[in-house]
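For reference, the structure discussed in these notes is given below.
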Amino acid sequence: MITRIGHIALHVADLDAAVEFQQQVIGMVETERIAGASYLTCNERHHELILIEDRANRGYAHLALEVADASVLDGAAKRLTAAGGTLLGGVYDGEPGIDRALQVRSPGGHVYKLFCGMETTDPPPPGNRPVKFEHISCKVANHRAEERFLTDGLGFRFSDRMGFLASWWHCDEDHHGIAITRAPRSELSHYAYQWSDFAALGRVADRLKAARGRKCIWGPSRHGPGNNHFLYLHDEDGAMIECCSELARMSSGYEPRNWSMAPRTINQWGGPPPARFLLTGFPIATPQSGRPAWAMRPERTSAVA
């Protein structure tokens, strides 16, 4: 059902500061700001990231997943609820940058926004910025129920597993668009950008030091599942970003497997992840049913509120 990973939406305490971080350190470009929300991109798509100013409801709002057209959204309700999801209102339109959308909460409490009709814009000039928004990693208590929802509800396919601790799932040729990690409570582990090569990760670390006087959390190194280079850092609000390059492609003959739970699985070049990585978790923002208040251009009228 899902054709590609879309974007992520985060609630932030100070919109100007959060946007500045994404521009200075990551290289994102703001395409639109309206109703307390900023839309940022790194390519020709209208947005790969939404930042929403909301001091009282800190956390990540949703992961957006693109579908082929409006008919998929119209027919999705039965499949999503049968797989254990809870619909958050009906299909709505009017949100900047897309045609229409439908939100659903998974058994683990994560919110997914299915949407169609992403607008395009002139791509930003060449620079040190990501290729695209790539994936998220979710912490969940009941990982089996979450996995069933990903497969039966959203149509994701299995990529890799690390014992009972973690699993990776794909909806297109990228090795994973969603990773699931077993944890005491549901929250966001990290969100990830795809970069052109290994050297680009070093430039991110340089900008983090120069612009913020901060060090990265973990890396650079290479994961086993996905075979990608990685570098982890915190954004302005404490959510963790992974910078990736060379993520495996399922179309290239990659063989899914059950990896050992030994530390070398997720760090092919070094030791186990540090405490700062393991303990980082960004909460799930309290969801709204239907179209969020910030998701509307003034000149448009929503079809479904």
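The values are calculated or read from the model by the stated rules, or taken from the named source; none is laboratory data. Note that this is a predicted model, so its numbers are computed, not measured. Positions of Cβ are generated from backbone atoms using ideal geometry, with glycine treated the same way; all protein chains shown enter the neighbour counts. Surface areas here come from the heavy atoms of the whole protein model, side chains and all, with no ligands, DNA or RNA. Shrake-Rupley method; radii C 1.70, N 1.55, O 1.52, S 1.80 Å.
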| message | I'd like the antiparallel share, as a percent to the nearest 5, of DSSP beta bridges with both residues in the chain. | response | 70
| note | Spelling it out for G6: with amide H atoms placed in the peptide plane at 1.01 Å from N, the residues 5 or more places away or on another chain with amide H under 5 Å from its amide H are A64, L65, E66
| query | To one decimal place, what orientation-averaged projected area in nm² is obtained for the convex hull of the Cα set of segment 21-68? | reply | 4.3
| query | Summing -39500 (n - 2.57) over the DSSP H runs of n ≥ 4 in the chain and dividing by its residue number, what mean residue ellipticity at 222 nm do you reach, to the nearest 500 deg cm²/dmol? | reply | -3500 deg cm²/dmol
| request: Classify segment 181-232 as rounded, prolate or oblate, taking a ≥ b ≥ c as the square roots of the eigenvalues of its Cα gyration tensor: rounded when a/c is under 1.5, otherwise prolate if a/b is larger than b/c and oblate if not. | output: oblate
| query | With springs only between Cα atoms under 10 Å, which of G213, G27, G155 fluctuates most in a Gaussian network model of the chain? | reply | G213
| Loop-located trypsin sites (Lys or Arg not before Pro) in segment 23-66 whose Cβ has at most 13 other Cβ within 10 Å (DSSP) | R55
| query | Which value, in Å² rounded to 10, gives the accessible area of L150 with a 1.4 Å probe and all protein chains present? | reply | 0
| message | Please give me, ordered by residue number, the trypsin sites (Lys or Arg not before Pro) of segment 165-224 that lie in loop per DSSP and have at most 13 other Cβ atoms within 10 Å. | response | R185, R214, K215
| task | Grab every C-alpha pair in the chain, bin the distances at 20 angstrom width from 0 up to the longest one, and report whole percents. | result | 35, 61, 4
| Counting Lys and Arg as +1 and Asp and Glu as -1, each charge on the Cβ, what is the dipole of segment 154-215 about the Cα centre in debye, to the nearest 20? | 500
| said: Please give the charge dipole size of segment 200-251, origin at the Cα centre, charges +1 on K and R Cβ atoms and -1 on D and E Cβ atoms. Round to the nearest 20 debye. | reply: 220
| field | Residue-level accessible surface for D172, protein heavy atoms, 1.4 Å, Å² | value | 40
| message | With a 1.4 Å probe and all protein chains kept in place, how much accessible area does E53 have, in Å² rounded to the nearest 10? | response | 80
| request: Give me the net charge of S71's neighbourhood, meaning all other residues with Cβ under 15 Å from the Cβ of S71; Lys, Arg count +1, Asp, Glu -1. | output: -2
| field | Share antiparallel - DSSP beta bridges, segment 52-182, percent rounded to 5 | value | 70
| Hey, got the dipole for segment 164-305? About the Cα centre, +1 on K and R Cβ, -1 on D and E Cβ, debye to the nearest 20? | 400
